[in-house]
Amino acid sequence: MIRIRRATSDDAATLTAIAHAAKRHWGYPEQWIESWSDQLTLSAAYLRKHEVHVSIVEGRPVGFYALEQSAGRTELGHLWVIPEMMGRGMGRRLFGHAVERATAAGVDAIEILSDPNAESFYEKMGARRVGRVDASVDDVVRYLPRMQIDLTGGR
């Protein structure tokens, strides 16, 4: 049984560990993971400020997402699943929950700054690429896809 609940400030360390484990799953060099540590770390203050939900399986957190509101925009700030739960529909379930929450709040679109390895997942979820952002690291040129999913349903 999967349960999705609102994260609390007590979840910060666990969610940070999930984000780091999921990012490592893609085989990035450890020095890159270290350089992204601030982006992958969730503080108690972050959890209080943003809408963050965590999925629980057998009493254990296995994934989470965060919706960030800023300047009239909504961004999927995080969506991470522990590696052993990847490919089992957990990401789909979390993303669907995020879309439901945003739609209920009257949000027209969710923006996503995707890891290149996750772009195809977001495309399957209905998002489309609307640009890219330079994310070069250690003199390696790389870009992050900027994506968006429309929640208006044509209204």
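Read-outs: derived from the displayed coordinates by stated rules, not from any lab. Computed from a predicted model, the values in this text were never measured in an experiment. As a convention, Cβ positions derive from the backbone with ideal geometry for all residues, glycine included, and neighbour counts pool all protein chains shown.
Using Cβ contacts closer than 10 Å as the measure, can you line up 32, 80 from fewest to most?
32, 80
So if R0 is 22 Å, what FRET efficiency would residue 56 and residue 13 give, r being the distance between their Cβ atoms, rounded to the nearest 0.05?
Computed FRET efficiency for residue 56 and residue 13 comes out at 0.90.
Per the helix-only calculation at 222 nm, which mean residue ellipticity applies to the chain, given -39500 (n - 2.57) for every DSSP H run of n ≥ 4 and division by its residues, nearest 500 deg cm²/dmol?
-9000 deg cm²/dmol
Arrange 37, 136 by Cβ neighbour counts within 10 Å, fewest through most, would you?
136, 37
Hey, if you drop one equal point scatterer on each alpha-carbon of the chain and run the Debye formula without solvent, what base-10 log of I(q)/I(0) do you get at q = 0.11, 0.16, 0.18 Å⁻¹?
Values, matching the q order: -0.42, -0.92, -1.18.
If you average 1/r across every pair of different Cα atoms in region 53-119 and take the reciprocal, what Kirkwood value do you get, in Å? Don't skip to the answer; put the middle values down first.
Working: mean 1/r = 0.0794 Å⁻¹.
Result for region 53-119, one decimal place: 12.6 Å.
Within 10 Å of each residue's Cβ, count the other Cβ atoms and sort 64, 121 from fewest upward.
Ranked by crowding around the Cβ, least crowded first: 121, 64.
Cut-off 16 Å, label point 7 angstrom out along Cα-to-Cβ of residue 2: give me the residues of region 107-130 whose amide nitrogen falls inside.
Those under the cut-off are 121-122, 124-126.
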